Amino acid sequence: MRNEVHLQKYNHPETRGDKIANEETQSSTESEASDHKSKNFQDADNIPDKYETASLREEAMAKLSGKNYMARLQNRIKLSEQKEYDNLVQSNEFIRHKFLVEMPPDFYDFWKFLQQLNPKQNGQEILLYMEKQFQLQLVGPFEFIAGKFQKAKIREPGDYLRHWRFFYDPPEFQTVFVRKSTEIHYGYWRDSPKENDNLLLARNDSRKNCEFVFIAGNIFEAFFYYLDKDFTPTPFTATMVATTKKALQKFAEVHDIALDNLEKLRKKRNSKVVCKTFHRAGIVVPYDRKTQVGYRPLIESDSELKKILQIFETVDGETSDPDDRIKTSVMEKLNPIAVAANIAVDECDFGTALELGIDLFCSGHKELHMLIQTLLVQAYSLLHRPQFIAIAKAHLERRNHVNLSIFDLDN
């Protein structure tokens, strides 16, 4: 009798009997594999009776043979995506899903006011009315509640985040009003993507500069501001404007909507602002004034930082495509500032990286987009604002002055 422990410990050559046994085992295994392969080929000719129609039989054959399977899979994925989109577009969840924010109550109240002002018009007719009478385009979430997205082509996620996002719009800003044929636009400002009530509205003209001015404490105030400051009246529109203002004031009184919220909300926000930034709206981050943790100033002043960025400018003041030598010079000067901002982040001063990222974004130089994205992703991640990461990435990927509407994209 063989000692199994001995055999495991010492490597003896195969005996003739072992060799025959191994050959029999291998022959048996090959025979079983051959039978299994033969059975698979037989299955293709013996599809069960449940495949009664030609299309089902074709599908079964495709599954067995692998032919056209990927094409069929892609088609099913498209049908599933379309079904999901069709269900999503039926509720306000569409706004949160596609734009990554929720709209405040005054937004929906303003839409009710417009419906009351134009009781015989549907959603898209109201949009056309506002554009024709007031030269004001209601965009973004307004286009959704007006039904404009109902039959729209499904786009990739970034297209929705770029929808009506002007060149200098930071992630904190969401456009809702646009002065037709201009880059004057108004929008809600959120310091955190989860904010959805008592939001300030700001104004910017991206043809002029990157600066934002807070002009209203709700969208009713913003519409009043627009009529007084940006709308160009004529003798023929004077009566219409007066009638609309009167109707708006009455609606606000009935629904207890304040038309003087601006100063209160601006003062409250200003108490939380840690620095102004180039867009002048400032940034808000958690900051402990006792320990001074949460933010520290950049190692260079705003004026010095602007001098560095001016290296990108030509003699006549117009931006050009700088050569590698100029890019290198700018990056060498920015590198110590960026390193200091990273050190600040390591010591829990997250606002410092956000400030530098926003300032460089406001410069408008696409050569800095990689550095901007690094800074903003780092800051928004540590500030628990992931929605702003997605918005910033999408915008930096395709940042333009024209063709801002998702409905203007090529089909």
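The values are calculated or read from the model by the stated rules, or taken from the named source; none is laboratory data. None of these values were measured; they are calculated from a predicted model. Heads up, the Cβs are rebuilt from the backbone with ideal geometry, glycines too, and the neighbour counts pull from every protein chain shown. Accessible surface is based on the protein model in full, side chains and every heavy atom, while ligands, DNA and RNA are left aside. Shrake-Rupley method; radii C 1.70, N 1.55, O 1.52, S 1.80 Å.
A few notes on this one:
- Every pair of residues 6+ apart whose Cβ atoms lie under 6 Å, when the first sits in region 97-120 and is under 11 Å from N196 (Cβ atoms) while the second is open to solvent by 50 Å² or more (accessible area, probe 1.4 Å) and not aromatic (F, W, Y): E102/R96; E102/N196; P104/N196; P104/D197
- Residues satisfying the stated conditions in region 97-114, i.e. in a loop (DSSP other than H, G, I, E, B) and open to solvent by 20 Å² or more (accessible area, probe 1.4 Å): L100, E102
- Filtered residue count, region 65-109, keeping only those that are farther than 21 Å from Q150 by Cβ and at pLDDT 95 or above: 4
- Test result for H384, under 20 Å from I283 (Cα atoms), out of contact with any Leu (no Cβ under 8 Å at 6 or more places or on another chain), outside the structural domain of N209 (by the TED database) and surrounded by fewer than 21 Cβ atoms within 10 Å (Cβ to Cβ): yes
- Among the residues making up region 383-411, those that are within 14 Å of D169 (Cα to Cα) and among the basic types (K, R) are K393, R398, R399.
- When residues of region 291-311 are limited to those that are out of contact with any Phe, Trp or Tyr (no Cβ under 9 Å at 6 or more places or on another chain), part of a helix (DSSP H, G or I) and among the aliphatic types (A, V, I, L, M), the one most open to solvent (accessible area, probe 1.4 Å): I311
- Any hit, region 189-200, residues being more than 19 Å from the chain's Cα centre (by Cα) and without any contact (Cβ under 8 Å) to a residue 60 or more places away in the chain: no
- Selection of region 246-267 for residues being buried (at least 18 other Cβ atoms within 10 Å of the Cβ) and over 31 Å from the mean Cα position of the chain (by Cα) yields L248, F251, A252.
- Test: residue in region 277-289 that is loosely packed, with under 12 Cβ neighbours inside 10 Å, farther than 30 Å from P119 by Cβ and either modelled with pLDDT under 95 or touching a Cys at 6+ places or on another chain (Cβ under 7 Å) (or both): yes
- Only one of the listed residues (S192, S181) is assigned by the TED database to the domain that holds R96 and under 23 Å from L128 (Cβ atoms). That residue is S181.
- Residue satisfying condition, being open to solvent by less than 10 Å² (accessible area, probe 1.4 Å) and either of a type in the set (A, V, I, L, M) or out of contact with any Ser or Thr (no Cβ under 7 Å at 6 or more places or on another chain) (or both), within set T352, T374: T352
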